[in-house]
1. Counting pairs of alpha carbon atoms under 8 Å apart in space and at least six apart in sequence, what relative contact order in percent does the stretch 1-80 give?
2. Counting alpha carbon pairs within less than 8 Å and at least 6 residues apart, what relative contact order, in whole percent, applies to the chain?
3. Consider all pairwise Cα distances in the stretch 109-198 and report the whole-number % of them above 17 Å.
4. Within the chain, which complete DSSP H helices have Cα atoms spanning at least 30 Å along the helix axis and a mean Kyte-Doolittle hydropathy of -1.0 or higher?
5. Give, in nm to one decimal, the length gained when the segment between Ala128 and Lys235 is fully stretched (0.36 nm per residue of separation minus the Cα-Cα distance).
6. Under a point-charge model restricted to the Cβ atoms of Lys and Arg (+1) and Asp and Glu (-1), what is the dipole moment magnitude of the stretch 1-160 relative to its Cα centre, in debye to the nearest 20?
7. Given 37 °C and 0.692 mPa s, compute D for the chain with the Stokes-Einstein relation, Rh being the Kirkwood radius over Cα pairs; round to the nearest whole µm²/s.
8. Looking at Gln150, Ser119, Gln86, which one has the Cα that reaches farthest to the positive end of the dipole of the chain (charges on Cβ: Lys, Arg +1; Asp, Glu -1)?
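Read-outs: derived from the displayed coordinates by stated rules, not from any lab. What you are looking at is a predicted structure, and each value in this text was computed from that prediction instead of being measured. Cβ coordinates were reconstructed from backbone atoms using ideal geometry, including for glycine residues, and neighbour counts include every protein chain displayed.
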Amino acid sequence: MQILKGTDVVAAMNSKLKKELSQLSTPIPHLAIVRIGERPDDLSYERGAKKRMETIGLHCSSYAYPETITNTEFQKIFADLNADQQIDGILLLRPLPKHIDEQAIASLIDPEKDVDGISPINMAKVFAGDSSGFAPCTAEAVIEMLDYTQIPLAGKQAVLVGRSLVVGKPLSMLLLQKNCTVTICHTKTADLSSVCQTADILIACAGRAKMLNQSYIRPQAVVIDVGINLDENNKLCGDVDFESISPVAALATPVPGGVGTVTTSVLAKHLIESAKRRKAEIE
Ligand code: NAP
């Protein structure tokens, strides 16, 4: 089984992005990362995103607020960031504390600066197949990985295990745009292993440690693991039992070091795109 590492995809993407940046006639694109509190997951993602932006040559600033911030105060921050001409992209770290209305905030972010594709307008564009929208970075990272393999996707059976608004649903639309025949599975899917066995391309995005083993895999399937979980020894693992599938699958992505690694390069790609579009609008 071939292992498709995120770092290989990132290297290819970053060199393209650096070239694009060098040809850009706008000020250096600037990402605002908005965070409430100090959740370790958020801090880790923020560090990774900042490092990736710096590596490519992009600017990035943190906007961090205490958990005591009110809904009204937090909403005002987005009005300010939307109006700030120095800011090209806004990344909101989630989940938010319970007293903050996440849906309302997502609707407040200017869709043109919504580089993680959480606003309803960008969601609608992804579902309409309108390429002017930004897809959620994780969903697009899966497509970047598949594109990197150069495996033809048209006509292939793609099965997703997971239907969240962040990963499964938008990714199903992106795969449809690639002319895959798409099946979306969830907790009520009957005989999940039989459905997964129909997959030329199996996407695991359920958030269940190592739930997909060899009995879910069609011989020579391409397996992309989006899951980030902790196993019984508190070690990071995906939704796929990597060792179990390795005699059967043609290719798989590891966890850690797979899809998660590519996500921030997609973020950088969207940031550059946002800066370009905003400049084109001003001219
Ligand atoms: P989520 O909102 O909890 O959604 C999980 C989905 O999987 C739901 O649709 C659920 O079905 C389905 N599911 C759960 N258990 C299942 C089972 N036993 N059989 C079939 N379907 C099952 O999770 P998410 O936010 O989409 O994240 C999914 C995973 O991706 C998590 O491990 C998360 O950490 C990871 N993730 C990774 C990245 C990255 O950058 N790599 C980014 C985001 C998320 P129902 O709808 O029926 O409940």
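1. Once divided by the residue count of the stretch 1-80, the mean separation gives 34 percent.
2. Numbers: 540 pairs, mean separation 61.1, N = 283.
Reported as a whole number, the value is 22 percent.
3. Working: 2009 of 4005 pairs.
Summing the P(r) tail past 17 Å for the stretch 109-198 gives 50 percent.
4. Details: long enough: 259-282 (35 Å, -0.02).
Helices passing the filter in the chain: 259-282.
5. Values: separation 107, 0.36 × 107 = 38.52 nm, distance 3.88 nm.
Full extension of this stretch gives 34.6 nm more.
6. On the way: 16 positive and 22 negative charges, 103 e Å.
The calculation lands at about 500 debye.
7. 168 µm²/s
8. Gln150
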